[in-house]
Ligand SMILES: Cc1ncc(COP(=O)(O)O)c(C=O)c1O
């Protein structure tokens, strides 16, 4: 019989100490280093993650930009558990379930008008590849099959599948994996000056969008299917588009019949103070990719919102009663992920979380820019509830960033780090006091680095 005085923390710790670590090959992780000093999380609640010792760690990056509504929301747990008991799975090819239609309708009520045909995937990477295929299928259906090139940007992150990877511009992610997709042209990124500590959008630099015109001049518009950008670049360290940049990109793309894809895997669902960044910047793309916050991170799910014109063109080119788009995933519109997403969007709406996020932007940015005084901080960029804080590079690129990640975790804060940049992206349910607490942990740790 078990002792009546058993300590739950000891139980968790014992299970963790028994872990055999060699089999799990961890993603985007220094595996050997991790396994000598693991950073494990065993539970979570609200804006906190909890480690095996019961230590509460503030989630300064919403996991990986996934958890705006806070962790372990009972509404999502209930919806998922009910769905698992009712319908766990059904084929999404030539069959479906009501949840997929309900969720598509709900998403279409949040996206800009006209972006109302929703295709489901399981991740951001799959959503990006789906959007790229839609662009190719659209031009083919429209009698322009020669439009096969993609234009993207240096320093972009569009996931890790071969389509998105080819469009991506993070060197380490690309260099080990061969020639990638042919016909991708990279524009310059928009971070022309460092160390300016610019808040929000820079006044200068919108002419960098003319790189799209240069791609047209060099390769011919008739060879270009789409241009893909993150409205605010996320994973590489928060690069904010200069004023007028996205508008100019839209203008050039429209002029030459090129589709504009906004990769909103991070910016979607409130992160920039509006439902989508397309609305924040008042620029209408032809396709929007989304994932992460769509289910508050509780289930893997991604989606693409396509313009009605994209769907109509592709559908009308297919034979009557024939499959229109030869693409899809075993788990497209998975019933359980769908239930999680519907419950998440209901939380966004009933709790007014998009408005709450918009209200938090001021206190967040105020707190973040107070880090400017630290000698090791060389630049800060911020937009919405996103901030990138650059640290001076030590002997090796990325070394100081990794040290910051470890020491911040020890001090009770989880952040995302890319190279020597700390990225903050708090859940929308953080209070202004918790925002200050988060930034003061960063201040203490960076001061001692
Ligand atoms: C803009 C963007 N696109 C795509 C992805 C890939 O998403 P996933 O990791 O879910 O495949 C990410 C992930 O961070 C992202 O930030």
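A short reminder: the numbers here are calculations on the coordinates, not readings from a lab. All of these numbers come straight from a predicted model, not from anything done at the bench. Cβ coordinates were reconstructed from backbone atoms using ideal geometry, including for glycine residues, and neighbour counts include every protein chain displayed.
Counting alpha carbon pairs within less than 8 Å and at least 6 residues apart, what relative contact order, in whole percent, applies to segment 75-350? If you can, show how the numbers build up before the last one.
Numbers: 535 pairs, mean separation 82.7, N = 276.
Over segment 75-350, the number comes to 30 percent.
Under the Kirkwood approximation applied to all pairs of distinct alpha-carbon atoms, what is the hydrodynamic radius of segment 93-208 in Å? Don't skip to the end; give the middle numbers.
Working: mean 1/r = 0.0585 Å⁻¹.
By the Kirkwood definition, the hydrodynamic radius is 17.1 Å.
Could you list 80, 128 so that the one with the fewest beta carbons within 10 Å of its beta carbon is first and the one with the most is last?
Working: 80 20, 128 30.
Going from least to most buried by this count: 80, 128.
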Arrange the peptides 363-372, 149-158, 132-141 so that the one whose residues have, on average, the most other Cβ atoms within 10 Å appears first. 149-158, 132-141, 363-372
Hydrodynamic radius by Kirkwood for segment 258-400, inverse mean 1/r across distinct Cα pairs, in Å, is 18.1 Å
Based on the Cβ-Cβ distance of residue 372 and residue 317, what FRET efficiency does E = 1/(1 + (r/R0)^6) give at R0 = 35 Å, to the nearest 0.05? 0.05
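List the relative contact order of segment 1-157 as a percent without decimals, with contacts defined as Cα pairs under 8 Å and 6+ residues apart. Walk me through the numbers on the way to the answer.
Working: 80 pairs, mean separation 15.8, N = 157.
Reported as a whole number, the value is 10 percent.
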Apply 1/(1 + (r/R0)^6) to the Cβ-Cβ distance of residue 279 and residue 20, taking R0 = 35 Å, and write down the FRET efficiency to the nearest 0.05. 0.15
Simple label model, 7 Å out from Cα along Cβ direction - residue 10 to residue 32, nm: 3.7 nm
Can you tell me how much longer the chain between residue 144 and residue 53 gets when fully stretched, taken as 0.36 nm per residue apart minus their C-alpha distance, in nm with one decimal? 26.7 nm
Between segment 310-334 and segment 230-282, the alpha-carbon center distance in angstrom: 26 Å
Whole number please: convex hull volume per residue of the Cα set in segment 75-350, in Å³? 133 Å³
Could you list log10 I(q)/I(0) for segment 24-151 at q = 0.11, 0.12, 0.13, 0.20 Å⁻¹, which the Debye formula gives when each Cα is one point scatterer? -0.69, -0.81, -0.91, -1.30
Once every DSSP H run of n ≥ 4 in the chain is given -39500 (n - 2.57) and the sum is divided by its residues, what mean residue ellipticity at 222 nm do you get, rounded to the nearest 500 deg cm²/dmol? -11500 deg cm²/dmol
Between residue 447 and residue 395, what's the calculated FRET efficiency when r is the beta-carbon distance and R0 is 22 Å? Round to 0.05. 0.65
